[in-house]
1. So which lysines pass the test for residue A:100, namely a Cα distance under 28 Å, with those fewer than 8 places away in the same chain ruled out?
2. Give B:262/B:299; B:155/B:179; B:113/B:172; B:44/B:169; B:169/B:221 a once-over and call out the pairs whose C-alpha atoms are over 22 Å from each other.
3. Report, in debye and to the nearest 20, how large the dipole of chain B comes out about its Cα centre when Lys and Arg carry +1 and Asp and Glu carry -1 on their Cβ.
4. Would you mind telling me the antiparallel percentage of the DSSP bridges in chain B, rounded to 5?
5. If Rh is defined by the Kirkwood formula over all Cα pairs and Rg also comes from Cα, what ratio Rg/Rh do you get for region B:160-263?
6. Taking 0.36 nm per residue of sequence separation and subtracting the Cα-Cα distance, how much length would be gained by fully extending the chain between residue B:247 and residue B:329, in nm to one decimal?
7. Could you size up the charge dipole of the protein assembly as shown around its Cα centre, putting +1 on the beta carbon of Lys and Arg and -1 on that of Asp and Glu, and report it in debye to the nearest 20?
8. Cross-link candidates for residue A:42: which lysines have Cα within less than 23 Å, leaving aside residues fewer than 8 places away along the same chain?
Amino acid sequence: MARSRSFDVRRQAGFPAVAITCFILLYLPIILLVVYSFNAGKSIAIWEGFSLQWYVSAWENEKVQDATIRSLIIATCASVIATSAAVMAALATTRSPKFKGYSVVFAMINQPLMIPEIVTAVALLIFFAMIKVATGYTGLWYLILAHSAFCIPFAYMPIRARLQGMDLNLEQAGADLYGTPWRVFRRITLPQLWPGVLAGAMLAFVISLDDVVITEFVKSAGQDTLPTYMLGQLRRVITPEVNAISTVLLAISVALVIAFYLLTKSGKPKQGDVQ
Amino acid sequence: MIEIQNLTKTFGTGAEAFTALSEVSVTIRQNEFFTLLGPSGCGKTTLLRTIAGFVDPTSGTMTLDGADVLASPPYVRPVNTVFQNYALFPHMTVAENIGFGLEMQDRPKAEIKQTVGEMLELVQMTPLANRATSEISGGQQQRVALARALAPRPKVLLLDEPLSALDFKLRKEMQIELKRLQSETGITFVFVTHDQEEALTMSDRIAVMNEGQILQIGGPKEIYDHPAERFVADFIGETNFLEAELVSVDGEVAETRLPSGKTISTRAASGRAGAGKVTVAVRPEHALLEPPGALIDGKLENIVYFGTDTHYHVMLDGGARFVVRRQNQPDAVEAYTIGDAVGVSFNPGVGQVLRD
Ligand SMILES: Nc1ncnc2c1ncn2[C@@H]1O[C@H](COP(=O)(O)OP(=O)(O)OP(=O)(O)O)[C@@H](O)[C@H]1O
Ligand SMILES: [Mg+2]
């Protein structure tokens, strides 16, 4: 029986059709969304000419401004908190000798990736409601903490990968040359870990910026973020303003993801990129 | 200087326990070039890392200049290491690498600058001071690693097979350079290698290790000429082993009777007592090839020409093989041919009675 020497899925019958369908399903809606954000008319389906009016209208919309600022505050705080926690978690899981319950800890760090988001959302809703009743505090910290929690695994992954790829001898050389553990961390480990930390922080930022489910459940009245604001808008009149906001979010996400890719790609830290 | 007593290190527990060092005792003297020599996996690195503070021994004691250092972490021990893979910091320049130890000791900036300059000079790396460590050759990296470890003026410098990654010629150069650095700085060097020639040419004293134990400690000549155990004799250079009978011992002189019936005086480690079967080690170049009727007779099996010398493989009458090595003279005519009946002899005091 004649067999091609190596199996190549690309040569299987029907593969190109399936692949093209997938790509169309993935990208056509996004392309349409972006295109109609420049529509001169009020419709998100009928093209009436090019205009930037919906960007201007979104920019001038106070609710959008408000939600944007809130989104950025939450994403910034959450990514800083999640990244710090992720650095510590990654150090603990790569630098200390394997301890009992190691895999349990590992699973717990990655819990947000495995438990359905809606479950976490409901759980947080109930939990925070209890705290709100007990303390009376209804500020932004509930959202920041909730976002921090589900961002940790995303920040953790690139940092851990970077730590595992690092030469342990370097840290020992640092200790051998009179560096206390903290100074070795500051002068040897962190400078080399930096691309991983940055990548983790950016990933966390994007994930936080993008979240709907948990935010919708945890937020108090008047605490819309951009995604929940858009969700609210969709229930009323849909105008290309939503397209415009989505396009901006898309641009930010794509930019951060590209930066993330470049950071994790560069295998070795560049010479002299610290000091 | 360094006093190590009954040091034992066991990795793991229970069925997986592995003893990497067992009851190691050694004294390393001030300003000495001390070498740990042994096959792969014998515990050399473990011993070195214990001195540096990266390995917690299971039991035993260690003092440095009389002070117990086992409880101190690596960063307070006045000991620096040249790591096998150099472990240069990739995000720092050559000069920053060399200055790192001084910086961690919080020495004044001016002093750091001056010492780094001196160190660069010492290892002849001044022109490359501001290069990234990835932009210099292997031999240069090795010298930077050396300068980095020497800069804080440690009491002891530990070197873990620092030359093993270098090619032959560079290796020879670095061997000479290391010896020069050691005598210029007056620092005690503890050097790890599994290369017996390197150990013999560079060391003041050698500790031969096997399976986590130190078998013999002594100067190169003593180790080579008077190996105490079969392993040491075998590991360093080539050796012939002869089964013999111990007749009498007087201090370090032992009368032994060879299977041929002849007796010869040999050396034995002091304290060796009694009679019985022993093994006598004789170096090929310490033995002589003679006509039959010598100390032991046999048949010439093979002649191998090596340029500087010739090896004669003799099948002894008892059934053992024996190699005699003779230095070649210009245009000498080979007196023997394969198959000849020959004799082997060696002078009194040349043979060494082994411990086992
Ligand atoms: N952390 C560890 N856990 C378990 N076993 C270890 C550990 N470190 C070393 N060993 C074992 O201890 C023994 C001695 O190791 P060591 O590295 O000291 O050998 P070595 O003499 O330096 O060998 P080489 O010449 O190959 O470097 C080896 O059998 C090794 O497998
Ligand atoms: Mg080793």
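1. B:9
2. Working: B:262/B:299 18 Å; B:155/B:179 16 Å; B:113/B:172 31 Å; B:44/B:169 25 Å; B:169/B:221 25 Å.
In this structure, B:113/B:172; B:44/B:169; B:169/B:221 exceed 22 Å between Cα atoms.
3. Working: 32 positive and 45 negative charges, 130 e Å.
Dipole of chain B, to the nearest 20 debye: 620 debye.
4. In chain B, approximately 75 percent of DSSP beta bridges are antiparallel ones.
5. Values: Rg = 17.7 Å, Rh = 16.1 Å.
Rounded to two decimals, Rg/Rh equals 1.09.
6. Details: separation 82, 0.36 × 82 = 29.52 nm, distance 3.83 nm.
Separation in residues times 0.36 nm, less the Cα-Cα distance, equals 25.7 nm.
7. Working: 54 positive and 60 negative charges, 451 e Å.
Using Cβ point charges on Lys, Arg, Asp and Glu, the protein assembly as shown gives about 2160 debye.
8. A:63
Just so you know, all these numbers are worked out from the coordinates, no wet-lab data involved. Keep in mind that this is a model prediction, so the values were computed, not measured. Counting neighbours? That spans all protein chains shown, and the Cβs are built from the backbone with ideal geometry, glycine included.
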